[in-house]
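Q: Structure provided below as structure tokens; questions to follow.
The values are calculated or read from the model by the stated rules, or taken from the named source; none is laboratory data. Treat the numbers as computed from the prediction; the structure is a model and nothing was measured. Here the Cβ positions follow ideal geometry from the backbone for every residue, glycine too, while neighbour counts run over all protein chains shown.
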Amino acid sequence: MKVNVWNTINQLSKERGVEPRVIIKAIEESLRIAAARFFNQGEDIQVDFKPEKSELRVYALKKVVPEVTDPAKEISLDEALLHNPEARLEETIEIELPADTLGRIAAQAAKQAIFQKVRDAEVEKVYEEFAPRVGEIVTGVARRYENNGTVVEISRTDAFLSDKDRLPGDEFRPGDLVKALISQVQKNPRGPQILLSRTSPRFLSRLLELEVPEIAAGTIKVKDIARQPGERAKVAVYSEDRDIDPVGACIGVKGNRILSILKELDGEKIDIIEWSSDPVLYAKAALSPAKINRVVITSKEAKEMEARVDNEQFSLAIGKKGMNVRLASKLVGWKISIKQE
């Protein structure tokens, strides 16, 4: 049978970036599946598809036998002669799909195969583009709210910012710009899903990298981050260069660097502290803005310590709903309790 699809295959290949052989293979498989409905006994179906020559044959192989015991693989001599007048016993003949049936199946199979392969290729292209960008900050446009989250368009591709990954004060309307971190790129049956986050500690780390050239250059390192999104965060920074003040560099002149981050995070308080390998010094700094008299390790094995403060500093050290000491403990990696003295 003559089928003129070669030009279509080549055109789709160029437009969608899909190799012609991928489309041809998909069409062959679709033809095989569709033809099985016609033969319907589990026959050995062969597809001979040569689109560059406009040739297509679909047929089943059957052995001519005196008595049929397996209809899928055998055919009687009388029936075989209807398909091939030269058929002989014990020979294998080709039973071709009728031209009209083949034409309908071919058109349907080609359409389905091309559509699916193009879709698969587009999905793969999106995955390959965004998977290496996990951990990168992007800016997109809010399009709509659905499934407990906001669909954000990034480079003509939909990404998803779930409610749990938004800050408490975030409200995005269609058309609003949304800055977020690409936290995951997942493959699922409906295609790749690009997940965004504004609550991840890495989002804060990336914002600092954008605002503080010394972090981007690597002369200042962000060692640890503990965060209660939308409320408070503690960031430990460090520099091996003694001429650099890591805390001051992150805050900026008159707080200009940190202020832009606070604005992006809807007023989330950020404590920038200097990291130390000494857990006692580190804990003392981590409990900022409270003034700590001294820190005592109570159990090295259990990683427990006490911070001693004056009465007027006790509430500040604990923080609202215990947040300050909780974040400090998370940052340092030790359980810290506050004692008055």
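Q: If a residue counts only when it is modelled with pLDDT of 80 or more, over 37 Å from the mean Cα position of the chain (by Cα) and of a type in the set (Gly, Ala, Ser), which helices (runs of 4 or more DSSP H) contained entirely in the stretch 1-111 have at least 1 such residues? Break it down stepwise before answering.
A: On the way: elements: 6-16, 20-39, 77-83.
Fully inside the stretch 1-111 and qualifying: 77-83.
Q: Then there's this: I need every pair where a residue in the stretch 317-341 that is in contact (Cβ under 8 Å) with a residue 12 or more places away in the chain has its Cβ under 8 Å from the Cβ of a residue that is surrounded by fewer than 15 Cβ atoms within 10 Å (Cβ to Cβ) and aliphatic (A, V, I, L, M), sequence separation at least 6 or different chains.
A: 335/302
Listed here are the residues, each with its yes/no results for (1) farther than 16 Å from residue 263 by Cα; (2) β-branched (Val, Ile, Thr).
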residue: 179; (1), (2): no, no
residue: 188; (1), (2): yes, no
residue: 194; (1), (2): yes, yes
residue: 201; (1), (2): yes, no
residue: 218; (1), (2): yes, no
residue: 221; (1), (2): yes, no
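Q: Looking only at the stretch 150-189, count every residue that is more than 24 Å from residue 124 (Cα to Cα) and either in contact (Cβ under 8 Å) with a residue 12 or more places away in the chain or of a type in the set (A, V, I, L, M) (or both) and tell me the total.
A: Residues flagged as more than 24 Å from residue 124 (Cα to Cα) and either in contact (Cβ under 8 Å) with a residue 12 or more places away in the chain or of a type in the set (A, V, I, L, M) (or both) within the stretch 150-189 amount to 16.
Q: Follow-up question, since we're still on this one. In the stretch 220-248, how many residues are crowded, with 19+ Cβ neighbours inside 10 Å and among the small types (Gly, Ala, Ser)?
A: Looking only at that region, the number is 4.
Q: Out of everything in the stretch 146-161 that is of a type in the set (Ser, Thr, Tyr) and on the phi < 0 side of the Ramachandran plot, what residue ends up being surrounded by the most Cβ atoms within 10 Å (Cβ to Cβ)?
A: Per the criteria, the residue is 150.
Q: Please enumerate the residues belonging to the stretch 182-215 that are assigned to a strand (DSSP E or B) and hydrophobic (A, V, I, L, M, F, W, C).
A: 182, 185, 194, 195, 196
Q: Further question: Kindly provide the set of residues from the stretch 22-42 that are crowded, with 18+ Cβ neighbours inside 10 Å and among the polar types (S, T, N, Q), ordered by number.
A: Within the stretch 22-42, just 30 meets the criteria.
Q: Return the total of residues in the stretch 117-145 being at pLDDT 90 or above, out of contact with any Leu (no Cβ under 9 Å at 6 or more places or on another chain) and surrounded by fewer than 17 Cβ atoms within 10 Å (Cβ to Cβ).
A: The qualifying residues number 5.
Q: Look at residue 45 and say whether it is surrounded by 14 or more Cβ atoms within 10 Å (Cβ to Cβ) and in contact with a Pro (Cβ under 7 Å, 6 or more places away or on another chain).
A: Criteria not met by residue 45.
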